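Values quoted throughout were computed directly from the atomic coordinates according to the rules given, and no laboratory measurement underlies them. None of these values were measured; they are calculated from a predicted model. Here the Cβ positions follow ideal geometry from the backbone for every residue, glycine too, while neighbour counts run over all protein chains shown.
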Amino acid sequence: MSQLTIEVTDQNFQEKVLANPLPVLVDFWAPWCAPCTMIASKLEELAKEYEGKINIAKVNVDHSPMVAGQFGIRSIPTLLFVKGGKIIDQVIGNVPKNDIESRVKTLI
């Protein structure tokens, strides 16, 4: 995880994601998940490209099962696109960077 991404847990999800003044792309992942590691580099690139416009948050589902359950996360990676405390969009699986980026653009 880089300095451009936020580590989010069950304890700080409300503060870091739902109450965040910027739109947030939330990545639900686990270290043992191969597609999660493949999408991570795409998210790092987007974090650099959209720094100051959007936050990228990462939720390790093994360490934060409550928030994953709260949002019905059944497959990983799952990306939630959150703006103003509301889920605007969702993507499941390792999708192309341009697909993620087009969804990011609708948030900003």
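Model label sites at GLU44 and GLN14, defined 7 Å from Cα along the beta-carbon direction, differ in position by 3.4 nm. In whole Å, what is the distance between the alpha-carbon centres of the range 1-25 and the range 40-108? Cα centroid of the range 1-25 versus Cα centroid of the range 40-108: 10 Å apart. Each Cα pair under 8 Å and six or more residues apart adds its sequence gap; the mean of these over the residue count of the range 1-68 is a relative contact order of 52 percent.
Taking the Cβ of VAL8 as the center, what net charge do the other residues with Cβ under 11 Å away carry, scoring Lys and Arg +1 and Asp and Glu -1? Could the numbers behind the result be given before it?
Numbers: positive: LYS16, LYS58; negative: GLU7, ASP10, GLU15, ASP27.
That works out to -2.
Going by neighbour counts of Cβ atoms within 10 Å, the residues GLU51, GLU44 line up, fewest first, as GLU51, GLU44.
Distance check, please: which entries in LYS42/LYS86; LYS48/LYS86; LYS48/LYS97 exceed 21 angstrom between their Cα atoms? The partial results should precede the final answer.
Values: LYS42/LYS86 23 Å; LYS48/LYS86 24 Å; LYS48/LYS97 13 Å.
In this structure, LYS42/LYS86; LYS48/LYS86 exceed 21 Å between Cα atoms.
Each of the peptides 27-33, 92-98 was scored by the mean count of other Cβ atoms within 10 Å over its residues; in descending order, highest first, they stand as 27-33, 92-98. Computed over the Cα atoms of the chain, the ratio of the radius of gyration to the Kirkwood radius (Rg/Rh) comes to 0.91. Which aspartates and glutamates have a Cα lying under 12 Å from the Cα of LYS58, excluding residues fewer than 8 positions away in the same chain? Partners within reach: GLU7, ASP10, ASP27, GLU44. Per-residue ellipticity at 222 nm computed for the chain from its helices equals -9000 deg cm²/dmol, with DSSP H segments shorter than 4 residues left out and the rest contributing -39,500 (n - 2.57).
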